[in-house]
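One structure below.
The values are calculated or read from the model by the stated rules, or taken from the named source; none is laboratory data. Since this is a predicted model, take the numbers as computed values, not measurements. Every residue, glycine as well, gets a Cβ built from its backbone with ideal geometry; the counts of neighbours run over all protein chains shown.
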Amino acid sequence: MQYTVRDALPGDLSRIEEIYAFARDFMEKTGNPNQWGKTNPPHEWLVDDIRRKLLHVVEDENGIHGVFYFYIGDDPTYGEIEDGRWRYSTPYGTIHRIASDGSGGILRRAVEYCAEQIDHIRIDTHHDNHVMQKAVAKLGFQRSGIIHLANGSPRIAYELLVQ
């Protein structure tokens, strides 16, 4: 399957919300019901992310199959890390809120896209999200420690330096 990545557009919002609903259901079925709950990410975040050109879709000739947020620059939630350390201090990009409709290869294509922009990538996930933990490890991300979201919720943080 040949995926392309592009900035999300306002007209994509309905499909994006379908993908996030699928992902929330998948997370619940695989033992991770608390990471996104029933409503994350909120509609308002998606609208703002699209406006700021930070939300991206992964698509093929049949339509959109994945979505993710990508930002290059310091992420406030990564300012402090415990139970480990950041391995690299170079500028980085952060992937957040990645989701798919169940199609394979979405995370890989998103990481490839991000690696075309910057060679240092960070990502985090919930302790209960074993599917994501395995997926990022398979792509070469290394566990760096524990970070906390603005609401105090802990997340396992990973980073990748693209060689």
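Per-residue answers, yes or no, for (1) in contact with a Gly (Cβ under 8 Å, 6 or more places away or on another chain); (2) basic (Lys, Arg):
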site: Leu46; (1), (2): no, no
site: Tyr71; (1), (2): yes, no
site: Tyr78; (1), (2): no, no
site: Val111; (1), (2): no, no
site: His120; (1), (2): yes, no
site: Gln133; (1), (2): no, no
site: Lys138; (1), (2): no, yes
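Within the stretch 89-103, count every residue that is assigned to a loop (DSSP other than H, G, I, E, B), surrounded by 21 or more Cβ atoms within 10 Å (Cβ to Cβ) and without any contact (Cβ under 8 Å) to a residue 40 or more places away in the chain. Matching residues across the stretch 89-103 total 0. One residue alone among Arg15, Arg97, Arg85, Arg108 is at pLDDT 95 or above, among the basic types (Lys, Arg) and more than 22 Å from Lys134 (Cα to Cα), and that residue is Arg15. Scan the stretch 59-88 for residues that are in a strand (DSSP E or B), touching a Leu at 6+ places or on another chain (Cβ under 9 Å) and β-branched (Val, Ile, Thr) and jot them down. The one that is in a strand (DSSP E or B), touching a Leu at 6+ places or on another chain (Cβ under 9 Å) and β-branched (Val, Ile, Thr): Val67. How about the stretch 117-133: which of its residues are under 16 Å from Lys29 (Cβ atoms) and surrounded by fewer than 20 Cβ atoms within 10 Å (Cβ to Cβ)? Of everything in the stretch 117-133, those that are under 16 Å from Lys29 (Cβ atoms) and surrounded by fewer than 20 Cβ atoms within 10 Å (Cβ to Cβ) turn out to be His126, Asp128, His130, Val131. Listed by first and then second residue, the pairs linking a residue in the stretch 35-57 that is farther than 11 Å from Leu9 by Cα to a residue that is in a loop (DSSP other than H, G, I, E, B) and not charged (D, E, K, R), with Cβ atoms under 6 Å apart and 6 or more places separating them unless they lie on different chains, are Gln35/His126; Gln35/Asn129. In this structure, Val47 does not satisfy being touching a Phe, Trp or Tyr at 6+ places or on another chain (Cβ under 8 Å) and of a type in the set (Val, Ile, Thr).
Going through (1) in a loop (DSSP other than H, G, I, E, B); (2) under 19 Å from Ile106 (Cα atoms); (3) not hydrophobic (A, V, I, L, M, F, W, C) one by one, Thr39 falls short only on (2). Please tell me if Asp48 is surrounded by fewer than 16 Cβ atoms within 10 Å (Cβ to Cβ), part of a loop (DSSP other than H, G, I, E, B), of a type in the set (D, E, K, R) and out of contact with any helix residue (DSSP H, G or I) (no Cβ under 6 Å at 6 or more places or on another chain). The answer is no for Asp48. Can you name every residue in the stretch 113-163 that is in a helix (DSSP H, G or I), of a type outside the set (Val, Ile, Thr) and without any contact (Cβ under 8 Å) to a residue 60 or more places away in the chain? Matches in the stretch 113-163: Cys114, Ala115, Glu116, Gln117, Met132, Gln133, Lys134, Ala135, Ala137, Lys138.
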